[in-house]
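Trainee: Okay, here's the structure, questions in a sec.
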């Protein structure tokens with residue numbers, strides 16, 4: 001899984017270098033597809049069925065108020081945009097999945113803080129998860145920090161187990177709910193999960209656009225998204241998608 005994660009890291013790193021005003025989301029998708037092929041992996045997202053039909057891209061690419069599952073297209077990235085890229089692959093039968101939010105040009109201080117806070121929320125999960133612990137304790141810290149910074153946790157979409165398939169049990173929320181407390185996740189050694197906080201500048205409510213895929217904030221305010229594939233080990237959490 002670390003090998004699959006290294007492919008994910010290489011692809012996201014390359015796309016991060018490309019994100020700039022004037023570049024289209026389709027160009028980023030084409031580069032991700034090329035790199036995936038050259039690195040001997042298979043794209044996880046392409047062809048996944050959904051209410052909008054099979055997903056058409058190698059990456060999900062979401063801009064500003066788009067939270068997740070944005071479709072690659074001829075849309076041109078503009079100065080001041082924040083661009084969230086979610087990418088996964090399968091290599092030798094095992095999956096890796098990660099996401100990053102990139103800044104294009106000059107953005108406002110509040111938007112830059114949104115991106116920084118969301119990245120920190122993911123790091124809190126890495127630092128807080130320990131063998132024998134409960135996920136609710138981790139999720140509580142993630143939610144507490146997000147809300148203390150004046151932002152909202154998107155609740156309709158959560159992380160997931162990952163292994164030979166992209167989406168496996170358990171569901172891994174970034175907030176505490178009654179359902180989580182009733183069916184808490186024991187962090188056992190060997191558990192591998194994809195943790196992916198999605199943080200909104202305004203309210204957490206979202207809707208799906210007419211394309212059947214793209215999720216946007218209802219109030220039209222920006223959101224950010226970070227994700228890593230994490231393995232719980234006796235020596236702490238190992239990030240499998242950071243290229244180490």
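The values are calculated or read from the model by the stated rules, or taken from the named source; none is laboratory data. None of the values given here were measured: they were computed from a predicted structure. So basically every Cβ, Gly included, is an ideal-geometry build from the backbone, and we count neighbours across all protein chains shown.
Trainee: Quick one: would you say residue 113 is surrounded by fewer than 18 Cβ atoms within 10 Å (Cβ to Cβ), in a helix (DSSP H, G or I), more than 16 Å from the chain's Cα centre (by Cα) and in contact (Cβ under 8 Å) with a residue 12 or more places away in the chain?
Mentor: In short, yes.
Trainee: If residue 175 satisfies every condition in (1) touching a residue at least 40 places away in the same chain (Cβ under 8 Å); (2) buried (at least 20 other Cβ atoms within 10 Å of the Cβ); (3) part of a loop (DSSP other than H, G, I, E, B) but one, which is the exception?
Mentor: (1)
Trainee: Right, another one. Scanning for something out of contact with any helix residue (DSSP H, G or I) (no Cβ under 8 Å at 6 or more places or on another chain) and not in a strand (DSSP E or B), does segment 222-232 turn up at least one residue?
Mentor: no
Trainee: Turning to a different aspect of this structure: Determine whether residue 89 is more than 13 Å from the chain's Cα centre (by Cα), buried (at least 24 other Cβ atoms within 10 Å of the Cβ) and farther than 15 Å from residue 31 by Cβ. It would help to see each step written out before you state the result.
Mentor: On the way: more than 13 Å from the chain's Cα centre (by Cα): yes; buried (at least 24 other Cβ atoms within 10 Å of the Cβ): yes; farther than 15 Å from residue 31 by Cβ: no.
So residue 89 does not fit the description; no.
Trainee: Count, please, the residues in segment 55-74 that happen to be part of a loop (DSSP other than H, G, I, E, B), without any contact (Cβ under 8 Å) to a residue 40 or more places away in the chain and touching a strand residue (DSSP E or B) at 6+ places or on another chain (Cβ under 6 Å).
Mentor: Residues meeting the conditions: 1.
Trainee: Could you check segment 94-110 and list, in sequence order, the residues that are touching a helix residue (DSSP H, G or I) at 6+ places or on another chain (Cβ under 9 Å) and either under 26 Å from residue 36 (Cα atoms) or free of Cβ contacts under 8 Å to residues at least 24 places away in the same chain (or both)? Don't jump to the end; show me each part of the working.
Mentor: Restricting attention to segment 94-110, the residues satisfying the condition of being touching a helix residue (DSSP H, G or I) at 6+ places or on another chain (Cβ under 9 Å) are 94-103, 107.
Those that are touching a helix residue (DSSP H, G or I) at 6+ places or on another chain (Cβ under 9 Å) and either under 26 Å from residue 36 (Cα atoms) or free of Cβ contacts under 8 Å to residues at least 24 places away in the same chain (or both): 94, 95, 96, 97, 98, 99, 100, 101, 102, 103.
Trainee: Still on this model: Filter segment 117-139 for residues that are over 15 Å from residue 238 (Cα atoms) and touching a strand residue (DSSP E or B) at 6+ places or on another chain (Cβ under 9 Å) and give the result.
Mentor: Selection gives 117, 118, 119, 121, 132, 133, 134, 135, 138, 139.
Trainee: For segment 207-217, state whether one or more residues are under 29 Å from residue 91 (Cβ atoms), free of Cβ contacts under 8 Å to residues at least 24 places away in the same chain and assigned to a loop (DSSP other than H, G, I, E, B).
Mentor: Scanning segment 207-217 turns up no residue that is under 29 Å from residue 91 (Cβ atoms), free of Cβ contacts under 8 Å to residues at least 24 places away in the same chain and assigned to a loop (DSSP other than H, G, I, E, B).
Trainee: Based on what the data block shows, is residue 142 in contact with a strand residue (DSSP E or B) (Cβ under 8 Å, 6 or more places away or on another chain), over 22 Å from residue 61 (Cα atoms) and modelled with pLDDT of 95 or more?
Mentor: yes
Trainee: State whether one or more residues within segment 158-169 are more than 18 Å from residue 45 (Cβ to Cβ) and either touching a strand residue (DSSP E or B) at 6+ places or on another chain (Cβ under 7 Å) or surrounded by fewer than 19 Cβ atoms within 10 Å (Cβ to Cβ) (or both).
Mentor: So far as segment 158-169 goes, yes, one or more of its residues are more than 18 Å from residue 45 (Cβ to Cβ) and either touching a strand residue (DSSP E or B) at 6+ places or on another chain (Cβ under 7 Å) or surrounded by fewer than 19 Cβ atoms within 10 Å (Cβ to Cβ) (or both).
Trainee: Can you tell me which of (1) surrounded by 13 or more Cβ atoms within 10 Å (Cβ to Cβ); (2) in a loop (DSSP other than H, G, I, E, B); (3) at pLDDT 95 or above is the one residue 203 doesn't meet?
Mentor: Residue 203 satisfies all of (1) surrounded by 13 or more Cβ atoms within 10 Å (Cβ to Cβ); (2) in a loop (DSSP other than H, G, I, E, B); (3) at pLDDT 95 or above except (1).
Trainee: If you don't mind, another one. Report yes if residue 126 is within 15 Å of the chain's Cα centre (by Cα) and farther than 28 Å from residue 218 by Cα, otherwise no.
Mentor: So residue 126 passes the test.
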